[in-house]
1. Assuming residue 289 fulfils every condition listed in (1) crowded, with 24+ Cβ neighbours inside 10 Å; (2) among the small types (Gly, Ala, Ser); (3) within 16 Å of the ligand (Cβ to nearest atom) apart from one, which condition is it?
2. Exactly one of (1) within 16 Å of the ligand (Cβ to nearest atom); (2) at pLDDT 95 or above is unmet by residue 323. Its number?
3. Only residues that are surrounded by 24 or more Cβ atoms within 10 Å (Cβ to Cβ) and more than 16 Å from the ligand (Cβ to nearest atom): list them for segment 337-378, please.
4. Quick test of your reading of the structure: residue 249 fulfils all but one of (1) over 20 Å from the mean Cα position of the chain (by Cα); (2) more than 16 Å from the ligand (Cβ to nearest atom); (3) in a helix (DSSP H, G or I); (4) of a type outside the set (Lys, Arg). Name the failing condition by number.
5. If we keep just the residues of segment 68-85 that are more than 25 Å from residue 133 (Cβ to Cβ) and either of a type in the set (Gly, Ala, Ser) or within 16 Å of the ligand (Cβ to nearest atom) (or both), which is farthest from the chain's Cα centre (by Cα)?
6. Take residues that are more than 26 Å from residue 160 (Cβ to Cβ) and tell me which of the strands (runs of 3 or more DSSP E) falling wholly in segment 311-360 contain 3 or more.
7. Are any of the residues in segment 152-161 farther than 20 Å from residue 55 by Cβ and within 16 Å of the ligand (Cβ to nearest atom)?
8. If you go through segment 122-154 one residue at a time, how many are charged (D, E, K, R) and in contact with a Leu (Cβ under 7 Å, 6 or more places away or on another chain)?
Amino acid sequence: MNRSKSRTGIWVVALSTLLASCGFLHGAFAPSASGPGAVTLTPPAADQAGTVLVATTGAAPAGTSPRATTAPPGDPFRDALMDAFKSFRRLQEGKNADYIPVLAQVDPSLFGLALVTVQGAVYEIGSARNEFSIQSVSKPFTVARVIDTMGADAVDNRIGVNATGQKFDSILALDLGKNMPADKDRVRPAGNPLVNAGAIATVDLLAAAAGMDKWTTILGNMSAFAGRVLQVNDEIYRSESETNINNRAIVNLLKNDEVIQGDPMQALDLYTRQCSISVSARDLAVMGATLANGGRNPVTNVQVVAPATTARVLAILATAGLYETTGDWLYKVGVPAKSGVAGGIMAVVPGRFAVASFSPPLDPAGNSVRGQRAIEVVVQHLGGNVFASQPAVRAQRLGADKEPTLLPTGPVRELTAAGR
Ligand code: GLN
């Protein structure tokens, strides 16, 4: 693979054309640097720092860039973001990842939040447009492409979709995966597409879209989710390529077990490049909102993957989005989410919105400390827990003057037929 900058440049220039023509974009138009719905990431003016900006990008007139304005108090999305930002602005727990050397140098005080609704409204506060490497938050998007083109069983059969319960780069998990009682008849050592082994196997499994090579497919797919042409951060890519010895061990074991069927080093290189794609919290929120919106990017209106694909991807996020602490996360916050070691987190409330955070210091599992706390507050504020419910109002329809009676048990349809 050609690793030069100029080659990357050519891919990027070619992408806007490719996004329009390639088979996996079903929408009326593809994002381009200046087209309708395009998102330009200019930093907010100094006097707007610390306020929540809102832009309804989907509604921007053709050929113009949407202008972000200050969101008024009383707007629930604005209030949720503002509250979360203020609550944790000064939180300093956690530590930047340092096993990828350049990540240790990123300013740990950076903190940004973004929220995108399925209607295409974009809210942001703090360093929401500060770019960082996507890292593991890339994993669900490549698996989405594989599911969309090859079917859900392809991923389940070759990789698996159960939680490994181990760290994201675990070698032990590969061996444990072979001895799972439920998997006696099929060997699935990679375990899950959201740990390193499974994500690299996903890249191996991915078929290049017609007329494209694998890398162009990966970057084009990720760009379609983000609604703008994304690029690789070459410094991150080099730093990780030079130090990813554990991942080299993983790909060799996966090749040995015939989980990776192509060239293992090529799969690893593509994966490392994928993890080095540069995004902002705002991008992650748009990408998550595309998953929340049945696979249609709410900002560009491009149908990126089928609705059925997003349901599968969100289920995988619920199994392992925050690795071995995913159970804690679901128990506390109740939404599918994905973290990355550069400090990004994306959380999705299906049918409503996605919220994303950027804050580099991590907990021992590799999840942004401040991001988790802030997203928890936003989700609570907006009633986003997907497991939460309220008792149905049916009993009240009996009339305010009557005591609520116990409804007879039995199928709901019978009650409806009885005219309740
Ligand atoms: N590129 C990183 C790695 O392979 C991704 C890990 C992560 O974000 N958890 O280790």
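1. (3) is the only condition that residue 289 fails.
2. For residue 323, the exception is condition (2).
3. Within segment 337-378, 348, 349, 353, 354, 355, 370, 374, 375, 378 qualify.
4. (2)
5. 74
6. 353-358
7. Filtering segment 152-161 for residues farther than 20 Å from residue 55 by Cβ gives 152-161.
Subsequent filtering for residues that are within 16 Å of the ligand (Cβ to nearest atom) retains 159.
Within segment 152-161 (the criterion being farther than 20 Å from residue 55 by Cβ and within 16 Å of the ligand (Cβ to nearest atom)), the answer is yes, since at least one residue qualifies.
8. Of the residues in that region, 4 qualify.
The values are calculated or read from the model by the stated rules, or taken from the named source; none is laboratory data. The model shown is predicted, which means the values in this text are computed figures rather than measured ones. Every residue, glycine among them, receives a Cβ derived from its backbone with ideal geometry; neighbour counts consider all protein chains shown.
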